[in-house]
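Everything on this sheet refers to the single structure shown next.
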């Protein structure tokens, strides 16, 4: 089955058909390096990490470029506030970015160009646009003329006339049209600058990606990615610049991931709900964050809360517990007994990878793919419960090979990368460190509650549950019995 991807440009799912057969060229807008990365940055980095991993799993060669914006107004302002240079500030937060990405287990792109290392390429591109009367110098600045590009607005679906009608030209504005955007900014006193045909200055934000993607991927490439907030104006302007200069399609497919909210509110420092990656990793294993992010298809909005993270942790634990149980199976097998696996269950397990691929081929539907992994684990646990003390070699082989496949497929989302027993032991130790009650007491109370439930003494059962909850212990009843987790405030 071919891979289908929702293309922002066409507003439908299109077949992935690389320009060079078997080789996908991908460019993703990276961070502006002036602060620590937040959960929105994590979603972007993880989404494209997953996409690259999946395409490589499907046999494609992938050339993945992700840039750094290391000069812009925010960087200049923050450097001034901290009494340092823009170069020092930007490089410091690039280093911090790598620390966060490495903790999340994100694979490095093939190349990560910096804007400041490609000033000449940007100047050359701006000159091409001026020569074509698609850009004009004005007072040391250079602007792109949106009226010179008939297709302006086709990516975002906006109408240029409507946008112009709603725009105003501010005082001392050098633009011919209020919608024209800056390609080159004249330098102000004390700002970093580079020499150009229009005087000392620095590039505008949009031009950098057009110049760097052309240098490393060519005039036209396969996929351009980023968050939905970049569709307009950033990606719209990139498209206009690149197609205006090259007279060729810029990108065949545009991928945009959804927003992250905190308790259904947009993340904002002013609202006090701004969470950095480091804030989250103080309390949760990196794979829990990965599990949470991939529990929703990448294009959909994602709401962060303690409850959803607790659910993600419980789900990840279920996967690890199954892997650990299979890995504890005795090496000795019997060929005298009959297999305990039904034909129906064997068919489910045999078709698991094909069904996983079908979900992922449909616009990287990780939520559905996770569901297939859980369905598989449920079947594996059912077989494990039915096994005799010494399993048959047939059942043993099925359990082991299926678990290996589960680990391989989960690895596309960066899950099940730890040793299962070590992960579970560390998880239990971390939970016990957060509470005053001992594990033995928890297990005793769970056993008493199970006995009360068998006797239909629901009042006693609820009393035990409430007593544990008062000590931050939340019980989880399931087919495999009753588990527990620490409920975080």
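Here are some notes:
- In whole percents, the pair-distance distribution calculated for the range 1-110 from its alpha-carbon pairs, binned every 10 Å from zero, is 13, 37, 28, 17, 5, 0.
- With respect to the chain, whose longest principal axis is taken over its alpha-carbon atoms, helix 73-82 is tilted by about 80°.
- Computed over the alpha-carbon pairs of the range 199-313, the distance histogram in 5 Å steps reads 2, 9, 16, 17, 13, 11, 13, 11, 6, 2, 0, 0 percent, short to long.
- Short-range pairs are left out: with C-alpha atoms under 8 Å and at least six residues apart, the relative contact order of the chain is 15 percent.
- Computed Rg/Rh of the range 434-486, alpha carbon atoms with Kirkwood Rh: 0.94
- Altogether, the Stokes-Einstein calculation at 25 °C and 0.890 mPa s, with the Kirkwood radius of the range 4-266 over Cα pairs as Rh, returns a diffusion coefficient of 127 µm²/s.
- Each of the peptides 20-32, 463-475 was scored by the mean count of other Cβ atoms within 10 Å over its residues; in descending order, highest first, they stand as 20-32, 463-475.
- Globularity index of the range 248-315, i.e. its alpha-carbon radius of gyration over 2.2 N^0.38 Å: 1.32
- Using alpha-carbon coordinates, inclination of helix 39-57 to the longest axis of the chain, degrees: 80 degrees
- Added length on full extension, which subtracts the Cα-Cα distance from 0.36 nm per residue, residue 375 to residue 156: 75.0 nm
- Extension reserve of the residue 232-residue 177 stretch, reckoned as 0.36 nm per residue once the Cα distance is removed: 18.1 nm
- With helices as the sole contributors, the chain gives -14500 deg cm²/dmol at 222 nm; each DSSP H run of n ≥ 4 counts as -39500 (n - 2.57), and the sum is divided by every residue.
- With Cα atoms as the point set, the chain shows a radius of gyration and Dmax of 27.2, 90 Å.
- FRET efficiency for residue 472 and residue 424, using Cβ-Cβ distance with R0 set to 30 Å, rounded to 0.05: 0.95
- Within the chain, percent of DSSP bridges classed antiparallel, to nearest 5: 50 percent
- For the range 332-396 versus the range 32-109, the gap between their alpha-carbon centres in whole angstrom: 38 Å
- Ordering of 228-238, 275-285 by packing [mean C-beta count within 10 Å, highest first]: 228-238, 275-285
- Residue 334/residue 12 FRET efficiency (R0 60 Å; Cβ-Cβ; nearest 0.05): 0.65
- Packing here is the average count of other Cβ atoms within 10 Å per residue, and on that basis the peptides 56-66, 428-438, highest first, run 56-66, 428-438.
- Under the criterion of Cα pairs below 8 Å and six or more residues apart, the relative contact order for the range 4-266 equals 23 percent.
- FRET efficiency for the pair residue 314 and residue 131, taken as 1/(1 + (r/R0)^6) with r the Cβ-Cβ distance and R0 = 60 Å, rounds to 0.50.
- Pair residue 454, residue 417: separation of 7 Å Cα→Cβ label points (nm): 4.3 nm
- log₁₀ of I(q)/I(0) at q = 0.13, 0.18, 0.21, 0.30 Å⁻¹ - the range 192-242, Debye sum with one point per alpha carbon: -0.38, -0.66, -0.83, -1.17
- Angle between the chain longest axis and helix 393-410 axis [Cα atoms, degrees, rounded to 10]: 30 degrees
- Distance between the range 282-296 and the range 406-430 - C-alpha centres, whole angstrom: 12 Å
- The range 283-421, relative contact order in percent, only Cα pairs under 8 angstrom and at least six apart counted: 38 percent
- Over the C-alpha trace of the range 132-283, radius of gyration and Dmax come out as 18.1, 55 angstrom.
- Radius of gyration and maximum dimension Dmax of the range 283-421, Cα, Å: 16.0, 54
- The gain in end-to-end length when the residue 247 to residue 164 segment is fully stretched comes to 27.4 nm, 0.36 nm per residue minus the alpha carbon separation.
Read the figures in this text as sums done on the coordinates, not as results from a lab. Just so you know, these numbers come straight off a predicted model, no measurement behind them. In this analysis, Cβ positions are derived from the backbone assuming ideal geometry, glycine residues included, and neighbour counts consider all displayed protein chains.
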